[in-house]
Amino acid sequence: MSKRAYNFNAGPAALPLEVLERAQAEFVDFRESGMSIMEMSHRGAIYESVHNEAQQRLLSLLGNPTGYKVLFTQGGASTQFAMIPLNFLSEGKVGSYVMTGSWADKAYKEAKLVGGVHVAASSEEQKFLKIPELSSIKAADNAAYLHVTSNETIEGTQYAEFPDSGSIPLIGDMSSDILSRAFDVNKFGLIYAGAQKNLGPSGVTVVIAKEELIAESPSHIPTILRYSTHTKNNSLYNTPPSFSVYMVNEVLKWIEEQGGLAGVESKNREKAGLLYEYIDGSDGFYRGVADPGSRSIMNVTFRMQSEDLEKQFVKAAELEGFIGLKGHRSVGGLRASIYNAVPYENVKALADFMKHFRQTQG
Ligand SMILES: *Cc1c(COP(=O)(O)O)cnc(C)c1O
């Protein structure tokens, strides 16, 4: 077999090798149908069984919370930025947003195009390098929802715990940390995530929501943008991204095999712990970007003494097969995305490479 890269891409990102191999084995002839899953009708029994299985598996991994439904939508998490205000903001209501960084900002700006918005808390003064204190997060009295970004993929920060929003529905963009750790789904009215970081390939966006929130939508918004359209049609109103949904189902099976959320969480904490410990112990050669109390276990952001040295690091790393370590173009620096599918051994290899690189710099 050809050599696999040490893939630290931020998204699309590494997928479990076992999943890729399984998909390869049944690529041409899926369940003895004589065709691949991409070639069959989304209204047929085979596809529908995969579709329903993926929904059930996702809920089961989340502890089968009562009253929740899973939707498969398209257009990425970015389309959810628009669908949320379109569906939930009525006259006199506002969307309350916790401003934690680049993705929260995009969600907020999109809502502003649709209706009233409110800032529930912000860490802009701290350059978005920490998550605001939970006690400082206050939704507006007329809030239709409170929106949080559970993990800021670009800055490398993550909520350790989520705010309690009382009777106001809590909405979470979990694109870059969904299923990376155990959490209480019941705190949330709606969760969404583009699949391409922790759930599978790009092309499908998962929405997990309380049924009462997505049962009815305003009739003046386009049909395809109503949650109710997808709810009533079991996400089969139009052609779903069938191959992506199939891959998500395979990734969910793999997570089950890792011991569910508890299993992946302990591995993720080991991986992140290894990198942060090495960074912190490097006498300032590498410096963690995020405030220690808000560090992400998915996206480890760090810097070196100069941009020139960072460039050299990225180049030397690529020669050794370490891919995707350049920070997002908007913030610079370095970033190792260590989603569920990145094996511990690869993170260990990266830490060893960092050690080696430091030695070569005298
Ligand atoms: C990647 C990402 C998005 C954007 O997802 P798309 O599927 O590209 O629209 C939104 N939010 C977060 C937190 C992300 O990491």
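Quick rundown of the values:
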item	result
Residue that is farthest from the chain's Cα centre (by Cα) [pool: residues in the range 119-129 that are on the phi < 0 side of the Ramachandran plot and surrounded by fewer than 18 Cβ atoms within 10 Å (Cβ to Cβ)]	Glu125
Selection count, the range 133-151, where residues are over 18 Å from Phe188 (Cα atoms) and within 16 Å of the chain's Cα centre (by Cα)	0
Residues satisfying the stated conditions in the range 108-127, i.e. more than 18 Å from Met174 (Cβ to Cβ) and outside any helix (DSSP H, G or I)	Gly115, Gly116, Val117, His118, Val119, Ala121, Ser122, Ser123, Lys127
Residues (surrounded by 12 or more Cβ atoms within 10 Å (Cβ to Cβ), farther than 13 Å from Val248 by Cα and polar (S, T, N, Q)) located in the range 14-60	Ser33, Ser36, Ser49, Ser60
Criterion: outside the structural domain of Phe128 (by TED's automatic domain parsing), surrounded by fewer than 15 Cβ atoms within 10 Å (Cβ to Cβ) and within 19 Å of the chain's Cα centre (by Cα) - qualifying residue of Arg335, Arg295, Arg269	Arg269
Cβ-Cβ under 8 Å pairs, at least 6 apart or on other chains, the range 187-204 side outside any loop (DSSP other than H, G, I, E, B), far side surrounded by fewer than 24 Cβ atoms within 10 Å (Cβ to Cβ) and of a type in the set (D, E, K, R)	Lys187/Asp164; Leu190/Lys210
Test: Val248 is within 19 Å of Ala13 (Cα to Cα), buried (at least 22 other Cβ atoms within 10 Å of the Cβ) and modelled with pLDDT of 95 or more	yes
Condition met for Ser180 (farther than 28 Å from Phe162 by Cα and crowded, with 21+ Cβ neighbours inside 10 Å)	no
Condition check for Ala209: in the same structural domain as Asn87 (by TED's automatic domain parsing), in a strand (DSSP E or B) and away from the ligand (no atom under 16 Å from the Cβ)	yes
Residues of the range 76-96 satisfying the condition of being of a type in the set (Phe, Trp, Tyr) and either outside the structural domain of Ile224 (by TED's automatic domain parsing) or within 13 Å of the ligand (Cβ to nearest atom) (or both)	Phe81
Subset of the range 216-235 that is of a type outside the set (Val, Ile, Thr) and in contact with a strand residue (DSSP E or B) (Cβ under 9 Å, 6 or more places away or on another chain) - its residue that is surrounded by the fewest Cβ atoms within 10 Å (Cβ to Cβ)	Asn234
Condition broken by Ala25, with the remaining ones in (1) touching a strand residue (DSSP E or B) at 6+ places or on another chain (Cβ under 8 Å); (2) without any contact (Cβ under 8 Å) to a residue 40 or more places away in the chain satisfied	(1)
Tabulated pairs, the range 159-183, first farther than 16 Å from Tyr68 by Cβ and within 14 Å of the ligand (Cβ to nearest atom), second of a type in the set (A, V, I, L, M, F, W, C) and not in a loop (DSSP other than H, G, I, E, B), C-beta under 7 angstrom, 6+ apart or interchain	Tyr159/Val148; Asp173/Ala77; Asp173/Trp103; Asp173/Ala107; Ser175/Ala77; Ser175/Ala193; Ser180/Val264
Single unsatisfied condition, Leu199 versus (1) within 12 Å of the ligand (Cβ to nearest atom); (2) closer than 23 Å to Asp105 by Cβ	(2)
Residues located in the range 243-277, provided they are among the hydroxyl-bearing types (Ser, Thr, Tyr) and within 30 Å of Phe302 (Cα to Cα)	Ser266, Tyr276
Scan of the range 130-158 for residues that are in a loop (DSSP other than H, G, I, E, B) and more than 16 Å from the ligand (Cβ to nearest atom), ordered by number	Lys130, Pro132, Glu133, Ile137, Lys138, Ala139, Ala140, Asp141, Asn142
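Matching residues to (1) surrounded by fewer than 17 Cβ atoms within 10 Å (Cβ to Cβ); (2) in contact with a helix residue (DSSP H, G or I) (Cβ under 9 Å, 6 or more places away or on another chain); (3) closer than 27 Å to Val289 by Cβ:
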| site | (1), (2), (3) |
| --- | --- |
| Ala82 | no, yes, no |
| Leu86 | no, yes, no |
| Lys106 | yes, yes, yes |
| Ala139 | no, no, no |
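The values are calculated or read from the model by the stated rules, or taken from the named source; none is laboratory data. Please read these numbers as outputs of a predicted model, since none were measured by experiment. Using ideal geometry, Cβ is built from the backbone for each residue, glycine included, and neighbour counts are taken over all protein chains shown.
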